[in-house]
Amino acid sequence: MTFNEFSLDPRIQGGIKNAGYVTPTPIQEKAIPLVLQGLDILGMAQTGTGKTAAFILPILQKLLNGPRNRVRALILAPTRELAEQIYQAAVELGGRTGIRSASIYGGVSKNPQLTAIKRGAQIIVACPGRLLDHLGERAIDLSQVEMLVLDEADRMCDMGFLPDIRRILSYLPRKRQTLFFSATMPKEIRSLADSILKNPQTVQIGITAPAETVSHALYPVSGELKKPLLFAILEKTATGRVLIFTRTKHRAKSLAAQLSQRNYRVAALQGNMSQNRRQDSINGFRSGKYDMLVATDIAARGIDVSEITHVINYDMPDTVDAYTHRIGRTGRALLTGEAFTLVVKEDAPVVRDIEKVLGAPIERRSLADFDYGVSAPVAQSTGKRLAPRRGRRY
Ligand code: AMP
């Protein structure tokens with residue numbers, strides 16, 4: 001299939017060419033015709049599948065005709081980074097249409113945002129908190145919005161934005177087209193979707209399986225050898241930016257400290273850190289100051305770093321959804337990524353569940369030249385043997 005088949009306006013086709021897209025991704029293939037028909041969408045797809053263009057392109061097409069002096073499409077996103085990314089996509093793809101976009105999120109001055117709106121933006125990409133500030137000050141009029149997009153709804157819910165979203169909805173007309181995207185569909189998300197969508201068409205990409213560009217591998221290992229195995233994998237694998245997940249905050253902190261001792265440029269990201277320190281970790285990871293980030297699931301919710309090449313589950317996540325979320329951070333549409341998971345015997349039930357969703361067994365790997373036979377590693381610096389302890393937790 002080609003983009004020509006959507007019969008988009010030549011100005012939008014120009015934007016697509018500009019962005020370098022040649023073939024629509026599966027979600028674009030499925031969602032674009034439905035959105036163009038004016039239908040509500042329940043899209044189950046994670047980041048990296050091309051979902052941004054799947055909603056931006058038909059929005060641009062629909063806004064080409066009609067008034068230019070009002071906000072006609074609102075896109076809500078959980079994080080500044082994602083909002084900025086969607087805004088950039090709207091600017092790039094809509095560059096030749098004359099349709100204006102504005103982004104709205106906290107942590108930066110309100111004035112440039114207000115100026116962009118006053119100049120006449122038809123598309124607003126916003127994080128809920130700052131948008132509500134503007135709405136409270138009557139700086140934005142959403143009463144003529146025709147299209148609403150909720151992107152990464154599950155993350156917005158995790159971040160506590162549900163009440164804010166409901167308040168924002170009260171500013172919008174009831175008669176509108178709503179597009180709802182979420183990588184996972186837990187109960188509360190399903191009920192939010194049910195309450196705001198009208199006869200939605202479900203667009204499901206790979207159920208909730210991780211992006212297809214990611215190759216997965218399991219490294220079976222005993223609990224005692226997890227850490228030496230991780231160090232050995234890092235030494236032997238050509239990695240770019242690596243995101244490592246641990247089960248607890250404490251484990252994230254101590255593992256980051258030990259990697260740092262081994263001269264890796266690494267930061268931790270866990271819930272016991274102040275907001276400033278967390279932001280420093282994320283910014284440093286994005287800018288390349290750090291090559292590695294050791295994080296817990298909750299703390300990693302806000303991360304949107306496109307160049308992640310490897311996700312390593314130092315600890316297996318508890319659920320398939322958590323696995324999908326973690327892996328969704330690598331393997332974006334144009335890149336490929338690898339996901340390594342260190343598994344111990346107790347992880348077998350979750351592995352089975354993940355393989356069921358993937359529809360195929362995950363490759364088991366063992367690292368060449370790694371000594372799986374010893375029960376405790378030899379401490380490199382002193383040559384002393386570390387005492388093997390049952391149930392030892394690193
Ligand atoms: P998204 O899932 O929307 O965050 O998109 C992930 C990445 O894929 C972004 O860098 C997009 O620019 C890129 N992308 C989106 N659609 C296409 C396409 N049809 N062909 C190639 N790359 C694409």
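The values are calculated or read from the model by the stated rules, or taken from the named source; none is laboratory data. Keep in mind the model is a prediction, meaning the values are calculated, not measured. Using ideal geometry, Cβ is built from the backbone for each residue, glycine included, and neighbour counts are taken over all protein chains shown. Ligands, DNA and RNA are excluded from the accessible area calculation, which covers all protein heavy atoms including side chains. Shrake-Rupley method; radii C 1.70, N 1.55, O 1.52, S 1.80 Å.
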Scan (1) without any contact (Cβ under 8 Å) to a residue 60 or more places away in the chain; (2) over 22 Å from THR178 (Cβ atoms); (3) touching a helix residue (DSSP H, G or I) at 6+ places or on another chain (Cβ under 6 Å); (4) not aliphatic (A, V, I, L, M) for the single condition GLN28 breaks and write down its number.
(2)
Within the group THR25, THR2, which residue is within 13 Å of the ligand (Cβ to nearest atom) and either buried (at least 17 other Cβ atoms within 10 Å of the Cβ) or under 27 Å from ARG174 (Cα atoms) (or both)?
THR25
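Does GLN13 fit the bill of being assigned by TED's automatic domain parsing to the domain that holds ILE165, within 16 Å of the ligand (Cβ to nearest atom), open to solvent by 20 Å² or more (accessible area, probe 1.4 Å) and free of Cβ contacts under 8 Å to residues at least 40 places away in the same chain? Talk me through it step by step, then tell me what you get.
Working: assigned by TED's automatic domain parsing to the domain that holds ILE165: yes; within 16 Å of the ligand (Cβ to nearest atom): yes; open to solvent by 20 Å² or more (accessible area, probe 1.4 Å): yes; free of Cβ contacts under 8 Å to residues at least 40 places away in the same chain: yes.
Judged against the criteria, GLN13 is a match.
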Given the residues LYS249, LYS253, which is the only one that is in contact with a strand residue (DSSP E or B) (Cβ under 6 Å, 6 or more places away or on another chain) and surrounded by fewer than 20 Cβ atoms within 10 Å (Cβ to Cβ)?
LYS253
Evaluation of PRO78 against (1) open to solvent by 50 Å² or more (accessible area, probe 1.4 Å); (2) more than 10 Å from the ligand (Cβ to nearest atom); (3) of a type outside the set (A, V, I, L, M, F, W, C) (one fails), failing number
(1)
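Quick grid of which residues meet (1) open to solvent by 10 Å² or more (accessible area, probe 1.4 Å); (2) in a loop (DSSP other than H, G, I, E, B):
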| residue | (1), (2) |
| --- | --- |
| VAL125 | no, no |
| LEU132 | yes, no |
| ALA139 | yes, yes |
| GLN144 | yes, yes |
| VAL149 | no, no |
| ASP154 | no, no |
| CYS157 | yes, no |
| PRO163 | yes, no |
| ARG167 | yes, no |
Looking at LYS51, LYS62, LYS118, which one is within 14 Å of the ligand (Cβ to nearest atom) and either over 24 Å from CYS157 (Cβ atoms) or at pLDDT below 95 (or both)?
LYS51
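Name the residues in the range 169-196 that are open to solvent by 40 Å² or more (accessible area, probe 1.4 Å), assigned to a helix (DSSP H, G or I) and modelled with pLDDT of 95 or more, would you? Steps first, please.
First pass over the range 169-196, keeping only residues open to solvent by 40 Å² or more (accessible area, probe 1.4 Å): 170-171, 174-176, 186-188, 190-191, 194-195.
Subsequent filtering for residues that are assigned to a helix (DSSP H, G or I) retains 187-188, 190-191, 194-195.
Selection gives nothing.
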